Structure formats: C-alpha cells, structure tokens
1. Looking only at residues that are at pLDDT 85 or above and surrounded by fewer than 16 Cβ atoms within 10 Å (Cβ to Cβ) in region 138-151, which one is farthest from Pro95 (Cα to Cα)?
2. Provide a single number: the residues in region 59-113 that are farther than 23 Å from Val145 by Cβ and either assigned to a strand (DSSP E or B) or in contact (Cβ under 8 Å) with a residue 40 or more places away in the chain (or both).
3. How many residues are at pLDDT 90 or above, touching a strand residue (DSSP E or B) at 6+ places or on another chain (Cβ under 9 Å) and either more than 18 Å from Gly66 (Cβ to Cβ) or not small (Gly, Ala, Ser) (or both) if we restrict to region 90-107?
Amino acid sequence: NVASVSVPADRRSEHITTAARSFAELGRSAVASRMAASIIEEMNVYETLAECEKENRPAALVTVIGSNGSTPGDAGRKMVVFADRRIVGTVGGGPVEAAAIDAAVATISDGKVRRESYTLQEKDAALLRMKCGGSLEFFIEPVAVKERLIIFGGGHVGRALGIRAPDVGFQVLV
C-alpha cells in the first residue's frame, strides 16, 4: 500500500527530511541509514542553492561526474562551496575534497566553469596523499550572482528599465 500525499512546496524539504529519518529508523540497517543521510544531504544542497539565488550570494556547485574504482565519493554527489571555504554537502571528504574546494573558490573568483580530474593511486599519492586506487572527476560551476542595476528616480525611463532589467538578469533597486 502506497499513499499519495500532496505537500505544499514550502514544506517539501521538511517532509522529505522527516520521511528519510523515519526510513532510517525503520530500516535500522547501514544501507537504510546511508540512503536517509544521502537524501537529507542532497536536500540541504538544493535548499542552499535556492537561498544563494534568493539572497544573491556567490557560491560554486561541485558535482562528482565520474567515479572509477575505489573512491570516497560516488557519481552524482554534490557540494556547495562559498568563498570563505564553508561547504554544504560533500563529494567524499579528505584531500580530494579539499582540492575540489580550492577549485570551487577559484570558480567563484573568476566565474569560469571547471572540470577537474584526480587519480587516487599510489603513483599520485604525493599530490593528494590518497591511495584509494580509483579516480574522481568533478564538474564545478559558479552559482550565478545577478548584477545590480540601481535606478535613480521613478519616471517613465526608470519605470521601463525597472520592468525590463530583470528579464536580462539584473537585480533592480529603485
């Protein structure tokens, strides 16, 4: 039996988090707990991205796009990075995550999309100090920050600018 429940958009993450915790409690298994933690973590990443857009706060999104062999992060994992190196989410942890954070901070600074690859093998251990045996690839993209357009005066020109400027990506202040 599966029940369908309609949940308002502003309460969805709360309901998903509650469902994930309940799932973990019912399962009492390592797999169930990991799945619940993954759901909660992913919701936190998406909520953070929405807040960044709403508050016009610069950040970068790091996504694992490739994972081969033994690695600390699976494809699809996501992490939001801020200029002060704070993070929400994880792409696996350890030195490889620190390298991804460095690249994300650079992306915030210059606005350029990056694709970074790291091998976690003995021959490359000096670089990252990780010998997992696999490789990871990250896609790092800036979270767009809208340019501000400050309009002085509310005449016919200012009004027209105020109406059209958001259509081309400006945050308008009158």
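1. Filtering first and then ranking leaves Ile150.
2. Taking region 59-113 first, the residues farther than 23 Å from Val145 by Cβ are 64-77, 90, 92-99.
Those left that are additionally either assigned to a strand (DSSP E or B) or in contact (Cβ under 8 Å) with a residue 40 or more places away in the chain (or both): 64-73, 90, 92, 96.
Within region 59-113, residues that are farther than 23 Å from Val145 by Cβ and either assigned to a strand (DSSP E or B) or in contact (Cβ under 8 Å) with a residue 40 or more places away in the chain (or both) number 13.
3. So the answer is 4.
The values are calculated or read from the model by the stated rules, or taken from the named source; none is laboratory data. Everything quoted here is computed from the prediction, not taken from an experiment. No Cβ is skipped: glycine too gets one built from the backbone with ideal geometry, and neighbour counts run over all protein chains shown.
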